[in-house]
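Have a look at the structure below, then the notes.
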Number of protein chains: 2
Amino acid sequence: MPSYKAPVEDVLFLLNDVFGIARYSNLPGFAEATPDVVEAVIAEGAKLCEEVLAPLNRVGDLEGCTRHPDGSVTTPKGFKAGYDAYAGGGWMGLSMPAEYGGQGLPHTLNSVMQEFVSGANTALGMYPGLTQGAMAALLVHGSEEQKRTYLPKMIEGIWTGTMNLTEPHCGTDLGLLKTKAVPNGDGSYALTGTKIFISAGEHDLSENIIHLVLARIEGAPAGTKGISLFVVPKFLVGPDGTVGARNGVSCGAIEHKMGIHGNATCVMNYDGATGWLVGEANRGLNAMFVMMNEARLAVGIQGLGQSEVAYQNAVAYARDRLQGRALTGAKAPEKPADPIIVHPDVRRTLLTIRAFNEAARALVIWTALQADIAHRSEDPAARQAAEDHMGLLTPVVKGVLTDRGFANAVDAQQMFGGHGYIEEWGMSQFVRDARIAQIYEGANGIQAMDLVGRKLPRDGGRAMMRFLAEVEGFCKENAEDESLKVFCAPLMKSLGHLQQATMWLMQNAMAKPDNAGAAATDYMHLMGLVALGYMWGRIAKATAEKKRSGDGIAERLDARLATGRFYVERVLPETGTRLARISAGSDAVMAVPAELF
Amino acid sequence: MPSYKAPVEDVLFLLNDVFGIARYSNLPGFAEATPDVVEAVIAEGAKLCEEVLAPLNRVGDLEGCTRHPDGSVTTPKGFKAGYDAYAGGGWMGLSMPAEYGGQGLPHTLNSVMQEFVSGANTALGMYPGLTQGAMAALLVHGSEEQKRTYLPKMIEGIWTGTMNLTEPHCGTDLGLLKTKAVPNGDGSYALTGTKIFISAGEHDLSENIIHLVLARIEGAPAGTKGISLFVVPKFLVGPDGTVGARNGVSCGAIEHKMGIHGNATCVMNYDGATGWLVGEANRGLNAMFVMMNEARLAVGIQGLGQSEVAYQNAVAYARDRLQGRALTGAKAPEKPADPIIVHPDVRRTLLTIRAFNEAARALVIWTALQADIAHRSEDPAARQAAEDHMGLLTPVVKGVLTDRGFANAVDAQQMFGGHGYIEEWGMSQFVRDARIAQIYEGANGIQAMDLVGRKLPRDGGRAMMRFLAEVEGFCKENAEDESLKVFCAPLMKSLGHLQQATMWLMQNAMAKPDNAGAAATDYMHLMGLVALGYMWGRIAKATAEKKRSGDGIAERLDARLATGRFYVERVLPETGTRLARISAGSDAVMAVPAELF
């Protein structure tokens, strides 16, 4: 019953008008991304998501995945055809290097497609999503032979990939992991251990599954410094690239989860499975971080995708459902009641979601552009600035977009009243599917600690100083602009809160680390509020320019500006509360003894 | 796997030390509620919930209810025995009048038991919960004959009850309802129509089901002024009280819901079913409001119950799960890692939930005491004050306790990382079950509108003025007390925000009702924050007194005070954001045309 429409128009506006993607045509792959190509790629991606993937979303939830006694797993009806359409369209290698069969287009376009796929069908989208993460690690850390062996088939979509980190006793603290790798003497290793929560660990969509596995080489140091990364194919690959014997890895069970039923979350048993080291021994966590950063951005994008699809369906319902009359008198007197979209509280809810969606989409594109610059620019200063941005914003995109994405799915469900609670309406699925994004790829509390404990102090706070300066510069530059005043004044105020909070951390967290821990989540959200506020500033500026030039439909441009005004008036003031919490410090947080909780 | 322990000690502290229940011994039923009786009742209720109802919670989720082709419904395995234990313990009539077989004890005790039942097993607790709602309406509006016919059996638990309001095209806007009642000429009516979302509408727990049904008598005016309330038993009742022929009401389907699977949510078909008018014709909504107020408080209590059980299980996990080391150095160096409860962000999350639970429990007991005074006092001024309080606080208890209860269940689930998303751990069920409480008995947006549009302006704002004066009086009275300063100063500040918001509404909502609508939800939460802050003030005062008198374990009293400090430092500052949103007005909210959402 629910439907999905990819936000093509918004994306093109952001790419062209807000971020001026044409300015980057000196970067590899960007010259090929002419406006026509970009529009065609995005339109084609939208079509696939709307017409093929979205209609499979509910069946995925209802059927889930089935594990058979032989350890094989069947995905829901239609998933294979949906996956084939995705792979066949060349989407897996959209931004992968041409030398392995990819199209080499900007990663930014891939991020846009990730949003569309997540909005249409998160569970199905995770099969290619994990594959892209695995490819990223192989691309950066794999040997040339490993790249030639695995990447072309993965880019073609004939093979898929996974990431194997978590074990029953460790998720966050990978230093505790026990999976063992024993050298076979021929350059390969025999891996033995149990991995849990392995998304897309086993399924019927691809000919082979390339597992990237963290394990400890026999005799390696304890803790995180003794962890290595291995590539372990489900079927061993012959020198000619054909699949051969079954490897010693199998799916022991699939989990019964709250949502994303269409994705097989597997317990994976490694029984002397043959694997090959990726990158250096004992530097596996380092190699894995490449995957994790890609994956964290992709998970943040899932939050946005779920928020968008939930919003669209809530709007459709709010326009359709007749209950009560507008406070200012009947708006549809010819009907037995007005559509509920006349009610201010309904509009407030919808606008809260929409104001997030538009700014979050901008934040994703901005950050994805930085990823492209970091990976493709020949200018070291530009690369460094882009890497700083990526490092700083990755936990914010992951943590804030998934926390808000979930909250928005819940609020959208609320618009349906009792019908929202009934599974056949589909809103419950959006909520249940969105929930996982706050948890996996580092629970959001970990993202907050990563931000406050690592990303913020790194290089003397260089990345953060640059971010603060950029936002401040924007505010000052546009403070006198009649159409932007209304955005710049509240943004400046909230930026002040972020500056104060940053200062407070500098003064209070060094001597007392618990102050950083107690502040982390609020700081991450404070930063997210300001970053999204800044995105609204940029969006408003581009919109005002379009209005001045008479380009675009005036009513639509006005609606966008009103949505932005809603954000700065209604959402942004939360920064004050966040600052108050942060500067309360950790005393009350640490005062209660563990046994008295 | 999850467990539940009823918060007996907290409840006794609130009843005895904070609210001094002994002071009310002049009210009917309170004299019998001696400290010994209260303690025995609560201990017995706790035992039933912990040992009988809680163990049935997960089976209820897994099995759900089954409708058979003949329209009969089977509840999950063990529910019948669990229900019988509840009914057999006399819990249904705990606070019902003795003349119909009840125990006549304070409703306050019943509210305490409602929390325990909700924490142990919300889905099972709804069968007696709906029965209590139906009994309340019969008690106030039923004829003496109706009371004699139905109440004794319902109090005994041999019969259960339901509330039939919603129809497919109307939930919030009952003025649209179509179910028809045609006089049979013998004083009875023939009811025809379809009702949906009828909790406990059909099941195998009781001999008879007494449906209270809203319908329109043929020829009655359109809209809400033509609605009457009827009692429609599943089996007609003979003059001797025995059940006779099947009435023309049946369950057409049960809904597939996100949660509370153990409760049968039914589509009820009325095909000329025989019913009898309850109260006056065309005054049905009025009669139904009695049920709805009871039900709204009970639903708010569900939010608290879910928050409490989710908290308990999150704490147990956080004490047990070993990941990482404390920021200030290993706390359990003999173990491979520290329990995650050492981490400030984990403690922050847990304390946010706990600080809510303790204050929300106080708010429930305070409000339930007012219900007792309103119903039982002989002093008209006391009755009026209590009724004012009830009217004002009912939407706050319903809306805020369920919004926060759900958010807390989600946060508690988050403590489990990936395990929280796996159904067998039980945390997902708490989240899914808690979700409904925000929706039913008037979605929370409706509660907010009820508060701002009806309860606040009623009688020139008398109830609100009394509430504000009481909180202000408390703050002023205790501002100089060394141990209470830390509570009074922030509470006074937040009270100022509530006063400003109230003033803003008075000045801006009369001329422009959209300002009230756009402010409603934030106002409800602002009021909730202050009310819970006031509860913390009362709790802190009683705790400080206990400490001074050397009564109680000092560490526990200190832990409670630290939890309260956490509330005023970390939660209460949100009032500033709420005020900012409210005073932003409705311009941006109303600016976007419906078709451009």
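The values are calculated or read from the model by the stated rules, or taken from the named source; none is laboratory data. Every value quoted in this text rests on a predicted model; they were computed, and no experiment measured them. All Cβ positions, glycine included, derive from the backbone under ideal geometry; neighbour counts span all protein chains shown. Ligands, DNA and RNA are excluded from the accessible area calculation, which covers all protein heavy atoms including side chains. Shrake-Rupley method; radii C 1.70, N 1.55, O 1.52, S 1.80 Å.
Near the amide H of A:S143, within less than 5 Å, lie the amide hydrogens of A:G279, all on another chain or at least 5 residues away, with H placed in the peptide plane. Peptide A:413-420 shows a mean partner chain C-beta count of 6 within 10 Å per residue C-beta.
7 Å from Cα along Cα→Cβ at both A:E472 and A:E280: what's the point-to-point distance in nm? According to this spin-label approximation, the distance is 3.8 nm. Note on A:150-156: average number of Cβ atoms from other chains within 10 Å of each residue's Cβ is 0.
Looking only at other chains, what is the average number of their beta-carbon atoms within 10 angstrom of each beta-carbon in B:186-195? For this peptide, the per-residue mean of nearby foreign Cβ atoms is 0. What aspartates and glutamates sit close enough to B:K180 to cross-link, taking a C-alpha to C-alpha distance under 18 Å and skipping anything fewer than 8 places away on the same chain? List returned: B:E167, B:E218, B:D271, B:E280.
Ranked by the mean number of other Cβ atoms within 10 Å of their residues, highest first, the peptides A:288-300, A:464-476 come out as A:288-300, A:464-476.
Among beta bridges from DSSP that stay inside the protein assembly as shown, the antiparallel ones total about 80%. Net charge in the neighbourhood of B:L14 (other residues with Cβ under 12 Å of its Cβ; Lys, Arg +1, Asp, Glu -1) is -2. Each of the peptides A:324-331, A:194-201, B:515-522 was scored by the mean count of other Cβ atoms within 10 Å over its residues; in descending order, highest first, they stand as B:515-522, A:194-201, A:324-331. Projecting 7 Å from Cα along the Cα-to-Cβ direction, the label point of A:A98 sits 9.4 nm from its equivalents in the other copies, listed shortest first. Of the residues A:W504, B:W91, ranked by 1.4 Å probe accessible area with the largest first, the sequence reads A:W504, B:W91. Given an 8 Å cut-off on Cα distances and at least 6 residues of separation, report the relative contact order of the range A:161-283 as a percent. Once normalised by length, the contact order is 31 percent. Element breakdown for the range A:460-597 at a 1.4 angstrom probe: carbon and sulfur atoms account for 55% of the accessible area.
Solvent-accessible area lost on pairing B with A (1.4 Å probe, both sides summed) amounts to about 7800 Å². Take A:E595, push a point 7 Å out from Cα through the beta-carbon direction, and compare it with the same point in every other copy: 6.9 nm, smallest first. Excluding same-chain neighbours fewer than eight residues apart, the lysines reachable from B:K455 by a Cα-Cα span under 22 Å are B:K225, B:K398, B:K512.
Sorted shortest first, the separations between the A:A85 label point and its copies elsewhere in the assembly read 5.1 nm; each point sits 7 Å from Cα along the Cα-to-Cβ line.
Listed by chain and number, the lysines placed with their C-alpha closer than 20 angstrom to that of B:K476 are B:K485, B:K493, B:K541; residues fewer than eight positions away on the same chain are left out.
Once the chain from B:T66 to B:S3 is taken as fully extended at 0.36 nm per residue, the excess over their C-alpha distance is 20.1 nm.
Taken as Cα centroids, the range B:392-437 and the range A:57-93 sit 31 Å apart, rounded to the nearest whole angstrom. Per residue, the protein assembly as shown exposes an accessible area of 34 Å² to a 1.4 Å probe, with every protein chain left in place.
Within the shell of other residues whose beta carbon sits under 13 angstrom from the beta carbon of B:G90, the net charge comes to -3, with Lys and Arg scored +1 and Asp and Glu -1. All other residues with a Cβ under 14 Å from the Cβ of B:I341 taken together, and with Lys, Arg as +1 and Asp, Glu as -1, what is their net charge? Around B:I341, the surrounding residues sum to +3. Among the protein heavy atoms of the range B:160-283, carbon and sulfur supply 53% of the accessible surface, probe 1.4 Å, non-protein parts ignored.
Tell me, which residues of the range B:308-340 get at least 50 Å² less accessible area when the other protein chains come in, versus the chain alone (1.4 Å probe)? Residues passing the criterion (a loss of at least 50 Å², heavy atoms only) are B:R319, B:Q323, B:L327. Ordering of B:374-382, A:12-20 by packing is A:12-20, B:374-382, highest average first (other Cβ atoms within 10 Å, averaged per residue).
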